[in-house]
Amino acid sequence: MAKDVIIACDFAGRKETLDFLDAFRGEAAPFVKIGMELFYAEGPEMVRELKRRGHRVFLDLKLHDIPNTVKKAMRVLSALEVDIVNVHAAGTVEMMRAALEGLSREDGTRPLLIAVTQLTSTSEERMQRELLIGAGINETIVRYAQNAREAGLDGVVCSPLEAALVKKACGADFLTVTPGIRFADAAADDQVRITTPARAREIGSDYIVVGRPVTAAPDPVAAYRRCLTDFLQA
Ligand code: C5P
């Protein structure tokens, strides 16, 4: 699977999203990520519209429920022809296997399925005190990634700084999809553990997810091209 830059389209509605993407017309349609806010506001038609416009779509809904419910929900998402979907690894290996089953189409194809290990908003201190998980956070991330691999998933979402750990534990072919990307000369916003596109490439990220450095740039197309060049150059 080729490496790529995924633009996080964190917009509230269809109009803002399509107005933003109109600037990319004439270019190869970028890979986009849409999340809960946009999907819940606009529904499956938003995904169909992006697919009709030639975008590949990472639908970031982070499913976490009993295996049978996740399997049936994944069957619906698979029919939308999304390219990547995700689940919480905390749902267990059994749930992740059920998710894969739901995604598999009759012709043998399916979207890529990746797992969220620990959200980057979860601190080690809270994980231990509130969730009673005694291990260290990196140990948890590696174990959840190994569980995802055991269930047959394609990879995980993780911070670029965790990508090397995950690759070491799960193999070079296990995908790492990494948000938290900033240009060296830019503000971090609310992201804490950040890295540049070039550094993400060196660490071994397969896909970088970039939101505000592109969506809030004065020239989003130029910022996107800069990400592509920095991330993909040999
Ligand atoms: O604007 P920014 O580049 O920070 O956007 C990053 C995107 O990646 C957002 O859609 C955010 O929700 C998502 N994300 C993240 N950290 C994670 C998982 C997802 O920033 N651990």
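Taken together, the values in this text are just the output of simple stated rules run on the coordinates, not laboratory data. Owing to the predicted nature of the structure, the values given are computational and were not obtained by experimental measurement. Virtual Cβ from ideal backbone geometry, glycine too; neighbours counted across all protein chains shown.
Give the order of Arg182, Arg25, Arg225 when sorted by the count of other beta carbons within 10 angstrom, beginning with the fewest. Intermediate values should be presented prior to the final figure.
On the way: Arg182 17, Arg25 10, Arg225 14.
Going from sparsest to densest Cβ surroundings: Arg25, Arg225, Arg182.
Sorted largest first, the spans of the alpha carbon positions of the chain along the three principal axes are 47, 41, 34 Å. Under 5 Å from the amide H of Leu175 lie the amide H atoms of Gly155, Val156, each residue being 5 or more positions distant or on a separate chain, with H modelled from the backbone and absent for Pro and chain starts.
Residue separation times 0.36 nm, minus the C-alpha to C-alpha distance between Lys3 and Asp19: what's the value? All intermediate terms of the calculation are to be shown ahead of the outcome.
On the way: separation 16, 0.36 × 16 = 5.76 nm, distance 2.61 nm.
3.1 nm is the gain from fully extending Lys3 to Asp19.
So, by mean Cβ neighbours within 10 angstrom, what's the order for 39-45, 218-224, 7-13 with the highest one leading?
On the way: 39-45: 13.0, 218-224: 14.6, 7-13: 18.7.
Put in order of decreasing packing, that is 7-13, 218-224, 39-45.
Sort Ser121, Ser78 so the one with the fewest other Cβ atoms within 10 Å of its own Cβ comes first. Don't jump to the answer; show the numbers that get you there.
Values: Ser121 8, Ser78 18.
Ordered by Cβ neighbours within 10 Å, fewest first: Ser121, Ser78.
Taken one residue at a time, the phi angles of the range 160-169 give Karplus couplings (6.51, -1.76, 1.60, θ = phi - 60°) of x, 6, 9, 4, 5, 4, 5, 4, 5, 7 Hz. Gly and Pro are set to x.
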